[in-house]
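To start, the structure under review is shown below, and the notes come after it.
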Amino acid sequence: MSVSGLLLGIINIAIVIAVLILIGVIIVWFCTVMSIAVPEQVQKAYMIVVALVGLYLLVALVLGMPTIRIISMLGTLHILA
């Protein structure tokens, strides 16, 4: 793996994490506007899930595993089950 490929992979991981956090912020904002309280435990759990997704992507990048194939394979198994 080249240095440029590793750098692009890290940038892609940062973009995915930023988008997931932005989605969470928008949901919390929308719930606040609608006067629906989002428990702090739910927000922490969401951040843990985002961190796990980031860790998964980082490990997949370091090991050279194609993440799209793994995710689509799991989706296929879920549909068949």
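The values are calculated or read from the model by the stated rules, or taken from the named source; none is laboratory data. These numbers come from a predicted model, not from an experiment. When we count neighbours, we look across all protein chains shown, and the Cβ atoms used for this are built from the backbone with ideal geometry, even at glycine.
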Look at Tyr46 and say whether it is in contact with a helix residue (DSSP H, G or I) (Cβ under 9 Å, 6 or more places away or on another chain) and either exposed (fewer than 10 other Cβ atoms within 10 Å of the Cβ) or within 29 Å of Val3 (Cα to Cα) (or both). no
Pairs needed: first member in the range 18-41, assigned to a helix (DSSP H, G or I); second member anywhere, surrounded by fewer than 11 Cβ atoms within 10 Å (Cβ to Cβ); C-beta distance under 9 Å; at least 6 residues apart or different chains. Phe30/Ile36; Cys31/Ala37
Which residue, of Leu6, Leu61, Leu52, is touching a Gly at 6+ places or on another chain (Cβ under 6 Å) and either loosely packed, with under 11 Cβ neighbours inside 10 Å or modelled with pLDDT under 90 (or both)? Leu61
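Here is a check on your reading of the model: is Met73 part of a loop (DSSP other than H, G, I, E, B) and either in contact with a Leu (Cβ under 6 Å, 6 or more places away or on another chain) or at pLDDT below 90 (or both)?
Judged against the criteria, Met73 is not a match.
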